[in-house]
Each structure stands twice: as structure tokens, then as C-alpha cells.
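These notes are about the structure you will find just below.
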Amino acid sequence: MVDFDKHISFSVLRLFLMFVAVVGNSLFLFVILKNQKLRGTSANLLLAQLCVANFILGISAGTRGISTLIFQSYDMTIFPRWLCLVLGSPTVLGIHLSQTTMVAIALDRFLCVQFPVAYRQMETTFIALSRLFICLGYSVLGTGASYLGVPFNDDDRVQVCSTSAVITAWYSNYWFFFASIFTVFIYVAYISIYVLFTRRASGDISATQRALFGTMTAVLVSYFLLWCLPNLLSAIFKLIAVPTVVKQLVSALTGLCSNITAATNIFIYGWKHPEMRKYVKRAFVGGQSTAVTPVAAVTKPSSSQF
């Protein structure tokens, strides 16, 4: 990896991100699945799905941090290609699941705003599980495809142990289109949702609705800074001639930013999702659950976090 990626402070940062992401997302996932009121709504189940993706990204941060420390302790400077691919797989899987879940959230919010009656009829366990299996299935296939064409022998070695350094050219092109198309779709969908919602609200936006768009805005700002910008740089550097070390640096930063997203999203949910915050507090202080007004509802019968 590039020099700064080998620094012990960078590995410590990754281990810290792993701890925050794993503990935080596990807590939110536990709270959602434990409370029938929360797991009974489509949006909160999507939040749980995003927590799973962020949990995987947290694990990937720890995998990278620990492996780098081990490589340094054994003074390794060249690495088996297959080993680097395996070490990068949690990141690839987590990003796939995170991106597909963000698309599912965008579609969920669009249906909630545009077809509120039909949307309420679609909030079923079957729809939620089908959506999960579609996202997870595509993520597993997308991650497994990275192994196609990569030789599995110790003689094939690389000097930079990163996913971008070991994947094949066709998978690199796939990743470029995957990241670009999903990003464009998500932002176009959310812009459409804003337009539809403001027209339907007719200027009379309740506190619940403002909380919805506050959460959405915070997530999108984080998504733009920690996902869109690094991948935009990668796309630009793919089209123009830049030193290899610069490409490796951007690749390392892209993976790190995904790990940061996994850790920071939990604070966004706790900050912008009052309903979830109340249930998290109850998980620590106890007490009987009382009726809670859904914080992220576009229509009164439906709740959402985005």
C-alpha cells in the first residue's frame, strides 16, 4: 500500500472505526428487531438493512487494520494476489449492500410520497424479505465476480495489497459503472422525492415531515462527501494520466471513507431520528414502551427514517 496507509496510526484509526461501526450498528439493529413497532414499518427495516451493510464495512476496517499490522510485523513487501482480494472482499460486499440499500430506500420514499395508499398495502414481511434478498443476492454476486480471472497461487504477487491493485480490468470497469450509475440514480430519485413532497405539502410541513427531510439531508450530505467525491476522483483519474501512486492513494481513501460512513451514520440516525433515539434510550434505561409518533412519516400512517 502507499506509505501513509502503512503507518501505524492509520491502522489504529481503522480499528477505532471498526469498534464504533460494529458496536453502534449492532445496537441499532438490535433495537429495531427487538421492537415490534419499529420492525413493522418498511423504512425502519431498510434502516436495519443499512445497519447490516455498515456492520460489514466496520468489519472490513478492522480486517485492513489488523492485516497491515501483521504485514509490517513480518516485514512483508510483496503479497499474494488472492490474499489481498480476500482481505478486500468485506469492503466490496459492504459497499454493494450499502449502495443497493440506498437505492431501495430511494424507491421506498418515492412510493411513499407518490402512491401513499398503495405503499401502505405493500408494507408486508414478504416485500421486506424479498427486497433484502434482492439486495443481498446482487451484493454477493457482485463481490464473487471480483474473483473471476484472478489466479489463486502464491507465485502471483503484487507490491500493493489493495483491491484496486489485484482485480481484473473488466471488474475495474464494472466497478466504475456500478458506482456511477447507482450514485446518479440515488440523487435523481431523491431530488424527485423533494419536488413531489414539497408540492404535496403545499407549504404546510409538520415537525414530523421536517424531521424526515432533515434525516434525508444529513445522510445525503454524508453520502456525497464520503462516497461521491472519492469515487468522482477515481473516475477522473481513470480518464486522465496520473501517477500510479496517486491512483493508489485515492483507492485507499475511498475504502477508508466507506469505513468512516459506517461509523458516522449511526450518529446521524441518533441525531435526526427521534423515534429511534427514544427506543435506544429505553434499551439502556428500561421502562415500558409507550406510543411514539413516527418521526419520519411522509403520510400519517407510515413511518420512515429517510
Which residues, counting only those in region 62-112, are without any contact (Cβ under 8 Å) to a residue 40 or more places away in the chain and of a type in the set (Asp, Glu)? ASP75
Applying the selection to region 15-36, what residues are within 17 Å of LEU129 (Cα to Cα) and either among the polar types (S, T, N, Q) or free of Cβ contacts under 8 Å to residues at least 12 places away in the same chain (or both)? GLN36
Could you tell me which of the residues VAL160, VAL140, VAL150 is in contact with a helix residue (DSSP H, G or I) (Cβ under 9 Å, 6 or more places away or on another chain), of a type in the set (A, V, I, L, M, F, W, C) and open to solvent by 70 Å² or more (accessible area, probe 1.4 Å)? VAL140
Return yes or no: is SER11 open to solvent by 30 Å² or more (accessible area, probe 1.4 Å), polar (S, T, N, Q), out of contact with any strand residue (DSSP E or B) (no Cβ under 9 Å at 6 or more places or on another chain) and in a helix (DSSP H, G or I)? no
Looking at region 30-68, which of the residues that are modelled with pLDDT of 85 or more and open to solvent by 60 Å² or more (accessible area, probe 1.4 Å) is nearest to the chain's Cα centre (by Cα)? PHE55
Condition first: within 16 Å of PRO90 (Cα to Cα) and β-branched (Val, Ile, Thr). Now tell me which residues in region 143-174 satisfy that. THR143, THR163, VAL166, ILE167
Among the residues of region 233-250 satisfying the criterion of being closer than 19 Å to PHE182 by Cα and at pLDDT 75 or above, which is surrounded by the fewest Cβ atoms within 10 Å (Cβ to Cβ)? ILE236
Here the residues within region 67-118 that are among the charged types (D, E, K, R) and in contact with a helix residue (DSSP H, G or I) (Cβ under 7 Å, 6 or more places away or on another chain) are ARG81, ASP108, ARG109
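The values are calculated or read from the model by the stated rules, or taken from the named source; none is laboratory data. Just so you know, these numbers come straight off a predicted model, no measurement behind them. As a convention, Cβ positions derive from the backbone with ideal geometry for all residues, glycine included, and neighbour counts pool all protein chains shown. Calculation scope for accessible area: heavy atoms of the full protein, side chains included, ligands and nucleic acids excluded. Shrake-Rupley method; radii C 1.70, N 1.55, O 1.52, S 1.80 Å.
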